[in-house]
Structures are given as C-alpha cells and as structure tokens.
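First comes the structure, then the notes that go with it.
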Amino acid sequence: MENIFVYCELENNVISDISLELLSKGRKLADNLECKLEAVIIGHNILELPKVLFPYGVDTVYIADNKKLSPYSTIPHTSIFVDLIKKEQPQIALVGATSIGRDLGPRVSARLGVGLTADCTELVIGDYKDNKTGKEYKDLLYQIRPAFGGNIIATIVNPDTRPQMATIREGVMKKEIVSSTYEGKIINIDVESLLKDDDIVLEIIEREIEPRKVNLSGAQIIVSGGFGVGSKENFDLLKEFADLLGGEVGASRAAVDSGYTGHDRQIGQTGVTVRPKLYFAIGISGAIQHTAGMDKSAQIISINSDPDAPIHKLADYAIIGEFNEVIPKMIKFYKDESK
Amino acid sequence: MGLKIIVLAKQVPDTRNVGKNAMRADGTVNRGALSAIYNPEDLNALEQALLIKDKFKDTEITLLTMGPPRAADIIRESLYRGIDKGFLITDRRFAGADTLATSYVISKAVLKCSPFDIILSGRQAIDGDTAQVGPQTAEHLGIAQITYAEEIQSIDKSSIQVKRRLERGIEVVKSKLPVLITVHGSASKCRPKNAKLLMKYKYAKTNTELQALNEDYMNSFKAKPYLNIEELNLDDLGCDIERVGLKGSPTKVKNIENVVFKSKDSKRLTASNRDIKGLIKTLIESRVVG
Ligand SMILES: Cc1cc2nc3c(=O)[nH]c(=O)nc-3n(C[C@H](O)[C@H](O)[C@H](O)COP(=O)(O)OP(=O)(O)OC[C@H]3O[C@@H](n4cnc5c(N)ncnc54)[C@H](O)[C@@H]3O)c2cc1C
Ligand SMILES: Nc1ncnc2c1ncn2[C@@H]1O[C@H](COP(=O)(O)O)[C@@H](O)[C@H]1O
C-alpha cells in the first residue's frame with residue numbers, strides 16, 4: 001500500500017536501462033516519502049532477473065512469468081499491471097517513455113481512470129494547493145516535462161487519483177546502485193487466473209529489433225556535430241577526434257536530417273538525452289530542442305564561428321571559430337600533450 | 001468489401017515554428033502568432049484511411065475532430081482529400097480537458113458512429129506530444145490497439161496486418177477487427193487536396209459558422225445538404241459531465257515556466273594555437289580527458 005511501482009521493461013529478456021534509471025529515481029522518491037520501492041516484471045523465463053534489480057534498492061519484485069507474456073503485447077501486460085495496482089494500491093507508478101511504455105501507460109491509466117503525464121524529465125515531491133477549491137495536498141509527485149515544442153516547462157500534478165502515473169524519458173535519470181547486498185522479497189503472480197483468452201488479441205508475425213549500436217547515454221565524452229559541420233566527410237573528422245578521446249559522436253537534428261550521420265546519434269527533445277562529463281557542441285546553434293537533451297552535461301565546450309550563437313551562453317568554454325581549424329588543432333595538441 | 005473507418009484528427013498550433021515573432025518580450029509564447037495546422041501525424045493517419053478506400057471502394061471514412069469552432073477547418077481539409085463525412089465535437093464544457101477527458105469524449109463520439117472496423121489516429125499531437133489519446137480511446141471502447149503503425153500490409157473482413165516502427169526496429173502484428181491504430185510519421189505522406197473536391201466542399205460550414213453569414217448564403221447552402229458539417233456537443237453524445245473538461249481531468253497544471261538560458265560565466269576563446277593548446281592542457285590536467 002502507498003508504495004512506488006516501477007514497470008520494468010525487457011529487451012531480449014534483459015532489464016532495459018530505462019527501468020534501472022527509473023528504479024534509481026524511484027529509490028530516492030521512496031526515501032523521501034518513507035515508503036517501499038517495488039518493481040514489476042512481466043515476461044517469460046525471467047525468474048533470474050530480481051537479483052539484478054535488488055542492488056538498485058528494490059524492496060519487492062513482483063514477477064509475472066508466463067509464455068503468453070513474451071514478447072510484450074498491450075492487453076495482457078495491461079491486465080496484469082492493472083490487477084496488481086488494484087491489489088497493492090501504490091501511490092506512484094512509473095513507466096518508461098519508450099515505445100513499450102507509451103503503448104502501455106495510457107491503456108493502464110484509462111482502465112484505472114487515473115491521470116498520466118507523458119515524457120517527464122524530472123520528478124520531485126512537493127505540496128500543492130488547488131486555487132479553486134482551496135484544498136491543500138501534501139507530498140504529491142511533481143511531474144515535470146517540456147511542452148509546446150520544448151518552449152515551456154510544465155509541472156503537472158495528479159491531486160485526487162491514485163496511483164500518480166508518469167512516463168519518463170530515457171537517459172534523463174541517472175542509474176545508481178544503492179548496495180550490491182541490498183535484498184528485497186520476490187512475489188510471484190498467478191498469471192493463468194488473470195489472463196482471459198480474449199486478452200490475446202494480437203498475433204506477432206515478425207520482430208526485428210536491432211541491438212543498441214550507439215551508446216550515447218553511457219558515454220563520458222560526446223563530440224556532437226550540427227548543421228554547421230557541413231558534410232558527412234567532415235563528420236569523419238569528428239569521429240577521429242571522438243575516438244582519440246574515447247568518446248562517442250552525437251549530432252543535432254539538422255545534421256541527422258541532412259544525412260551527415262545516423263538517426264541513432266540524435267541528441268535532444270526528439271533524440272536521446274545525455275549527461276556526459278564533457279560535451280562538445282560543434283557547428284550547433286543551440287536551439288532549445290537540442291539543448292534540452294544535453295544541458296545537464298558536466299562541462300560543455302562550444303565551437304561556433306558565430307559569436308552570437310546561443311550555444312555559447314551554455315558553454316563553459318566558448319570557442320569562436322571555424323571548426324575545421326579548431327578540431328585539427330585540438331587533435332594535434334591532444335596528441336602532443338597526452339604523450 | 002467495404003470497411004467503416006473512423007479517423008481522429010486534431011487542429012494544433014504550429015509549435016515547430018515558434019520563431020522569434022512568436023515569443024513575447026517577457027519570454028512567454030504568444031499562441032496567437034502561431035498558425036493553426038492539421039496535426040502532422042494525423043495527416044499520415046488520414047492517408048492510411050484513403051489508401052484503404054482506394055482499394056475497397058465501398059469503404060466509408062468518417063472524421064472526428066474535437067476542438068473550438070474553428071477546428072471545422074480540419075474537416076474541410078479532410079473533405080478536400082476524400083473523406084465521406086466529418087463531425088466537429090465542440091462544447092465549451094469540454095474546455096481544459098486532459099488526455100483522459102478528451103479520450104472519453106472521443107470514445108462517446110465513436111460510439112455514435114458505430115459499428116466501425118478501424119479507428120486511425122496520429123501517433124501524437126505536436127502541442128502536447130503525449131501520444132495518449134489513441135490508446136486511451138481504445139481502452140474506453142474495449143478494443144485492441146496497434147501503436148506506431150508504418151504500413152498496413154493486408155486487410156480482410158475480420159483481421160488486419162500492420163508493420164510497426166519501433167525505436168530500434170520493426171514489428172509485424174496481426175489483429176482482429178475492430179482495432180485502433182496510431183500512425184507514425186514514417187508512414188506514407190498524405191496526398192494533396194483534390195481540385196474537384198475542393199470546389200465541391202469549399203463552402204462546407206458548421207451551423208455556428210453559418211450564423212455569421214447572410215441569408216442568401218444560407219439559402220444556397222440549404223439546397224446542398226452535403227455542405228453541412230454536423231456539430232456534436234455534450235448532450236448529443238450523452239457524456240457524463242463529471243468526466244469532461246477541467247473537472248474530468250485528473251492531471252492539473254501546477255505551473256508553467258518559460259525556458260530561458262541561464263548564461264554560465266563561460267570563458268571565450270579563439271581558434272588561436274595559444275587558446276586551444278591552453279584548453280587542452282586544462283582538460284588533461286583536470287582529468288576530464290585522458
Ligand atoms: C518538435 C521539435 C523537436 C526537435 N527535436 C530536436 C532534437 O531532438 N534535437 C535537435 O538537435 N534538434 C531538434 N529540433 C530542431 C531544432 O529546433 C534545430 O532546428 C536544430 O537543433 C538545429 O540544428 P543545428 O544547430 O545543427 O543547425 P543550425 O541551427 O543551422 O546551426 C548551425 C550552426 O553552425 C554554425 N556554423 C556554421 N559553419 C560553421 C563552421 N564552419 N564552424 C563552426 N560553426 C559553424 C552556425 O553559426 C550555426 O550556429 C526539433 C525541432 C522541433 C520543432
Ligand atoms: N481533440 C482531438 N480531436 C481529435 N483527435 C484527437 C484529439 N486529441 C488527440 N487526438 C488524436 O490522438 C492522437 C494523439 O494525441 P495526443 O495524445 O494529444 O498526443 C492525435 O494524433 C489525434 O489523432
């Protein structure tokens with residue numbers, strides 16, 4: 001009762017990063033609210049997975065293991081998750097803002113008749129006063145998200161319905177292990193009694209999911225190029241620089257749309273969110289939709305020939321210059337200095 | 001074979017072009033300066049419906065849009081492209097609805113158009129980017145859903161096969177009808193307006209719009225019933241007033257902030273050897289790199 005639920009997503013029967021990120025955030029919220037953190041895994045052949053979760057500070061893992069539950073399909077997962085929510089009455093339920101989470105979340109919220117906030121980038125506990133009724137609420141979940149094409153940041157609350165549900169973007173919360181010896185309990189769900197035959201309405205004919213090739217959210221150093229980099233060939237220069245530093249290449253949407261590099265490297269509101277130790281923004285103007293995905297980087301170096309480019313305001317070091325002059329020099333000096 | 005298809009489409013402010021002129025001096029968005037457009041992915045959804053109709057001529061496409069009176073534009077835009085009928089769901093009491101309240105009203109309107117085989121919606125609307133109204137509508141109706149559809153591969157009287165576009169791949173699924181499908185922006189682009197249909201429906205109007213016009217217009221209008229765009233309000237749909245509008249919306253906006261860049265005290269450097277060498281040294285010494 002009154003605990004925090006995290007729906008854990010699987011990728012080839014491995015718990016996906018987004019779920020570990022949510023558990024890490026969920027742990028902090030649970031400490032704040034003095035309640036338990038509970039994970040829900042729904043799939044098949046997953047009995048080994050709880051021990052991966054406990055170190056993140058998970059107090060209970062609910063497992064629904066059944067052939068009919070893998071791969072993910074909307075209605076069976078909705079039925080199991082909703083049934084568990086009704087029984088356990090969590091105060092908060094978190095789901096990833098991924099193609100699975102955004103398929104499942106709204107379905108669950110409509111079945112329970114509760115609110116759902118999509119695509120949050122921050123979660124905070126706080127109080128709320130309804131200005132119309134004057135009613136005051138303690139310890140609600142502030143669900144914070146960009147809206148209106150990224151031009152505004154809205155804080156949403158669900159004062160009266162439970163659980164408070166939100167989907168959270170990939171990469172914005174940090175994965176953090178609490179303790180390798182943290183132990184919680186495992187509760188198995190009796191799936192057969194819950195699934196009706198007509199719950200299985202979809203037949204999966206084919207599934208081709210590529211493994212993640214580019215690991216931007218895990219990279220410590222990111223060398224990102226924008227439209228100003230000008231060509232695919234010039235991106236090779238960025239790649240050389242990134243390889244030298246042991247980093248990954250990222251990109252703005254304008255660079256991706258121009259075909260300079262692949263879509264999986266896009267950073268920003270409609271790409272991935274990153275928070276590396278060091279972020280190079282090269283030939284990137286600094287549109288809000290881009291900076292939304294990188295402004296939490298520990299250090300930012302901008303390289304832009306336009307002294308008024310907004311990206312310079314965000315940078316720790318703003319280099320006003322041509323990237324094709326600056327990058328070769330950086331490569332040369334780095335090789336000299338790191339010898 | 002003819003199918004009954006319902007398309008859900010929304011009029012949205014063009015948030016993709018929030019340029020300098022749409023931002024006020026105090027940093028807030030001036031919504032009035034943004035043009036109202038057909039939500040991009042809803043055009044992809046409309047095209048899927050039209051493609052089915054190309055194949056099965058007896059197919060009937062009904063479009064539903066919920067919004068203020070001017071959202072009648074969405075229905076005209078759709079009539080020009082080949083839908084059979086459109087309803088404007090409009091009522092002041094619906095104002096302030098979140099996705100749950102919106103999807104409830106839409107599901108009531110869908111029931112008015114029952115029976116149906118397929119509902120097509122966009123994946124998400126660019127004003128809220130929630131991607132919730134489609135799946136929530138399916139849940140209210142108790143029917144199956146297929147999200148992120150890129151291509152409808154085959155249909156027969158009782159089932160449909162669809163290719164879905166996921167973050168890192170594709171999935172092909174088969175579902176029984178009826179089903180709600182949300183269409184991804186990577187699906188076929190919508191066809192342009194048809195010149196003949198444009199001539200035919202140019203003067204299509206809702207009753208609200210008609211009241212602002214003169215009598216001559218009204219009379220010529222009455223002779224052509226196909227020009228009437230029907231409006232549906234709370235009472236027409238038999239909605240529970242507790243479940244609509246602000247009151248029926250469990251999510252509340254606590255506050256809104258404009259995004260402003262907090263300037264860091266950044267060090268400005270040039271491309272000179274001295275500056276670049278100095279920076280690289282600092283990075284190595286502070287162990288940020290190396
Ligand atoms: C709903 C929505 C979602 C979006 N999502 C994203 C997203 O996820 N990620 C994203 O990045 N964008 C996104 N965008 C697009 C975003 O608004 C910008 O259009 C985009 O980020 C601009 O990319 P850019 O900075 O590379 O290009 P530009 O704005 O064209 O900037 C190019 C920069 O390069 C500089 N330059 C040119 N030549 C050189 C040179 N030789 N050396 C150094 N500098 C040079 C120029 O001075 C300029 O500042 C989104 C937009 C919308 C509406
Ligand atoms: N007011 C509305 N009227 C008609 N369709 C809507 C409305 N709101 C949302 N939709 C449909 O639901 C999809 C998802 O919207 P959203 O959940 O707001 O991102 C849209 O692409 C539309 O197809």
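Which percent, to the nearest 5, of DSSP beta bridges fully inside the range A:1-145 are antiparallel? If you can, show how the numbers build up before the last one.
Details: 9 of 23 bridges.
That works out to approximately 40 percent antiparallel.
Among the trypsin sites (Lys or Arg not before Pro) in the range B:184-290, those placed in a DSSP loop whose Cβ has at most 16 other Cβ atoms within 10 Å are B:Lys189, B:Lys193, B:Lys202, B:Lys247, B:Lys262, B:Lys264, B:Arg287.
Against chain A, whose longest principal axis comes from its Cα atoms, helix A:17-33 is set at around 70 degrees.
Across all C-alpha atoms in the range A:16-61, the radius of gyration and Dmax reach 10.7, 34 Å.
Rounding to the nearest 20 debye, state how big the charge dipole of the range A:11-107 is about its Cα centre with +1 on each Lys and Arg Cβ and -1 on each Asp and Glu Cβ.
Details: 11 positive and 12 negative charges, 44 e Å.
Magnitude of the dipole: close to 200 debye.
Potential lengthening of the chain between A:Tyr182 and A:Ile125 amounts to 18.1 nm, from the contour at 0.36 nm per residue minus the alpha-carbon distance.
Taking only DSSP H segments of four or more residues, each worth -39500 (n - 2.57), what value at 222 nm results for chain A once the sum is divided by all its residues, to the nearest 500 deg cm²/dmol?
On the way: 9 runs with 90 residues, N = 339.
Dividing the helical sum by the residues of chain A leaves -8000 deg cm²/dmol.
Peptide A:113-123 has a mean of 4 when you count, residue by residue, the C-beta atoms of other protein chains within 10 Å of its C-beta.
Just going by the charge dipole of the range B:4-243, with Lys and Arg at +1 and Asp and Glu at -1 on Cβ, which of B:Leu198, B:Leu166, B:Gln124 is farthest out on the positive end? The Cα lying farthest towards the positive end belongs to B:Leu198. Backbone N atoms of the range B:35-56 closer than 17 Å to the 7 Å Cα→Cβ label point of B:Lys157 belong to residues B:56. Globularity index of chain B is 1.25 (Cα radius of gyration / 2.2 N^0.38 Å, N = number of residues). Counted over all Cα-Cα pairs of the range B:37-195, pairs farther apart than 26 Å make up 21 percent. The tail of the calculated P(r) for the range B:24-113 beyond 17 Å holds 59 percent of all Cα-Cα pairs.
Structure remark: mean-square fluctuation, Gaussian network model of chain A, C-alpha springs under 10 Å; the largest value among A:Ile200, A:Ile63, A:Ile300 belongs to A:Ile200.
Using only C-alpha atoms and all pairs of different ones, pull out the Kirkwood radius for the range A:4-199 in Å with one decimal. For the range A:4-199, inverting the mean 1/r across all distinct Cα pairs yields 17.0 Å.
Assign unit charges at the C-beta atoms only (+1 for Lys and Arg, -1 for Asp and Glu), then state the dipole size of chain B relative to its Cα centre in Debye, rounded to the nearest 20.
Values: 46 positive and 35 negative charges, 222 e Å.
Dipole size: approximately 1060 debye.
Between B:Asp265 and B:Ser286, the modelled label-to-label distance comes to 1.3 nm, taking each label 7 Å out from Cα in the direction of the beta carbon.
Assign unit charges at the C-beta atoms only (+1 for Lys and Arg, -1 for Asp and Glu), then state the dipole size of the range B:148-285 relative to its Cα centre in Debye, rounded to the nearest 20. Provide the component values of the computation, followed by the final result.
On the way: 27 positive and 18 negative charges, 195 e Å.
Roughly 940 debye for the range B:148-285.
For A:Ser99, the amide hydrogen comes within under 5 Å of the amide hydrogens of B:Glu167, counting only partners 5 or more places away or on other chains and with H modelled in the peptide plane. Report the normalised scattering of the range A:33-119 as log10 I(q)/I(0) at q = 0.22, 0.23 Å⁻¹, calculated by the Debye formula with identical scatterers on the alpha carbons. Taken in order of the listed q values, log10 I(q)/I(0) reads -1.27, -1.36. Dividing the alpha-carbon radius of gyration of the range A:256-339 by the rule-of-thumb value 2.2 N^0.38 Å gives 1.13.
Within chain A, the longest run free of exposed loop sites, counting GluC sites (Glu not before Pro) that sit outside DSSP helix and strand states (H, G, I, E, B) and have at most 13 other Cβ atoms within 10 Å, spans A:193-339. The trypsin sites (Lys or Arg not before Pro) of the range B:39-85 that DSSP puts in a loop, and whose beta carbon has at most 13 other beta carbons within 10 Å, are B:Lys57. For the protein assembly as shown, evaluate the Debye formula with one uniform point scatterer on each Cα (no solvent term) and list log10 I(q)/I(0) at q = 0.05, 0.09, 0.11 Å⁻¹, rounded to two decimals. The Cα Debye sum returns log10 ratios of -0.25, -0.80, -1.15. Over the range A:108-197, all Cα pairs binned in 10 Å intervals from 0 give whole-percent P(r) values of 13, 29, 33, 19, 6, listed from short to long. Working note: Debye formula, equal point scatterers on the alpha-carbon atoms of the range B:105-172, no solvent; log10 I(q)/I(0) at q = 0.15, 0.21 Å⁻¹ is -0.56, -1.03.
Extension gain, B:Asn273-B:Leu51: 0.36 nm per intervening residue step, less the Cα-Cα distance, totals 73.9 nm.
Could you calculate the FRET efficiency of A:Lys332 with A:Glu233 from 1/(1 + (r/R0)^6), where r is the beta carbon distance between them and R0 is 22 Å, rounded to 0.05?
Values: r = 19 Å, r/R0 = 0.88.
It comes to 0.70.
Of all DSSP beta bridges in the protein assembly as shown, what percent run antiparallel (nearest 5)?
Values: 44 of 121 bridges.
For the protein assembly as shown, the DSSP antiparallel bridge percentage is about 35.
Extension gain for the segment A:Lys67 to A:Lys132, taken as residue separation times 0.36 nm less the Cα-Cα distance, is 18.4 nm to one decimal. Got a sec? Charge dipole of the range A:4-199, +1 on Cβ for Lys and Arg, -1 for Asp and Glu; which of A:Ile15, A:Ile4, A:Ala118 is way out at the positive end? Farthest towards the positive end: A:Ala118. I'd like to verify something in chain B: which complete DSSP H helices, judged by Cα projection on the helix axis, reach 15 Å or more and average at least 0.5 on the Kyte-Doolittle scale? Both cut-offs are met by B:99-112.
For the range B:204-290, go through all pairs of different Cα atoms, get the mean of 1/r, take its inverse, and jot down that Kirkwood value in Å.
Numbers: mean 1/r = 0.0479 Å⁻¹.
After inverting the mean inverse Cα-Cα distance, the result is 20.9 Å.
Once the Cβ-Cβ distance of A:Asp306 and B:Ser35 is raised to the sixth power relative to R0 = 41 Å, the FRET efficiency obtained is 0.90.
Are any of the pairs A:Lys232/A:Lys313; B:Lys10/B:Lys193; A:Lys87/A:Lys129; A:Lys175/A:Lys296; A:Lys138/B:Lys252; A:Lys174/A:Lys277 more than 24 Å apart by Cα-Cα distance, and if so, which? Walk me through the numbers before you get to the answer.
Details: A:Lys232/A:Lys313 27 Å; B:Lys10/B:Lys193 18 Å; A:Lys87/A:Lys129 29 Å; A:Lys175/A:Lys296 15 Å; A:Lys138/B:Lys252 15 Å; A:Lys174/A:Lys277 13 Å.
Violating the 24 Å Cα-Cα cut-off are A:Lys232/A:Lys313; A:Lys87/A:Lys129.
What FRET efficiency do you get for B:Asp235 and A:Lys277 if R0 is 60 Å and r is their Cβ-Cβ distance, rounded to the nearest 0.05? Efficiency at R0 = 60 Å is approximately 0.50.
Rounded to the nearest whole Hz, the Karplus-based 3J(HN,Hα) values (6.51 cos²θ - 1.76 cosθ + 1.60, θ = phi - 60°) of the range A:202-208 follow the sequence 10, 10, 8, 8, 7, 8, 10, with x at glycine and proline.
Calculate the translational D of chain A in whole µm² s⁻¹ from Stokes-Einstein, where the hydrodynamic radius comes from the Kirkwood formula applied to all Cα pairs, the temperature is 10 °C and the viscosity 1.306 mPa s. Don't skip to the end; give the middle numbers.
Values: Rh = 21.7 Å.
The calculation lands on 73 µm²/s.
Give me the tail of P(r) for the range A:191-294 as a percent: Cα-Cα pairs with distance above 17 Å. Write down the numbers at each step before the final one.
Numbers: 2985 of 5356 pairs.
Roughly 56 percent, once rounded to a whole number.
Taking Cα atoms only, the orientation of helix A:74-88 departs from the longest principal axis of chain A by about 60 degrees. Between the alpha-carbon centres of the range A:285-339 and the range A:33-59 there is a gap of 40 Å. In whole angstrom, how far apart do the alpha carbon centroids of the range B:224-290 and the range A:129-170 sit? Using only Cα atoms to place each centre, the spacing works out to 15 Å.
Only the coordinates and a few stated rules stand behind these numbers; no lab work does. For clarity, every value in this text was computed on a predicted model and none was experimentally measured. Cβ atoms come from the backbone with ideal geometry, glycine included; neighbour counts cover every protein chain shown.
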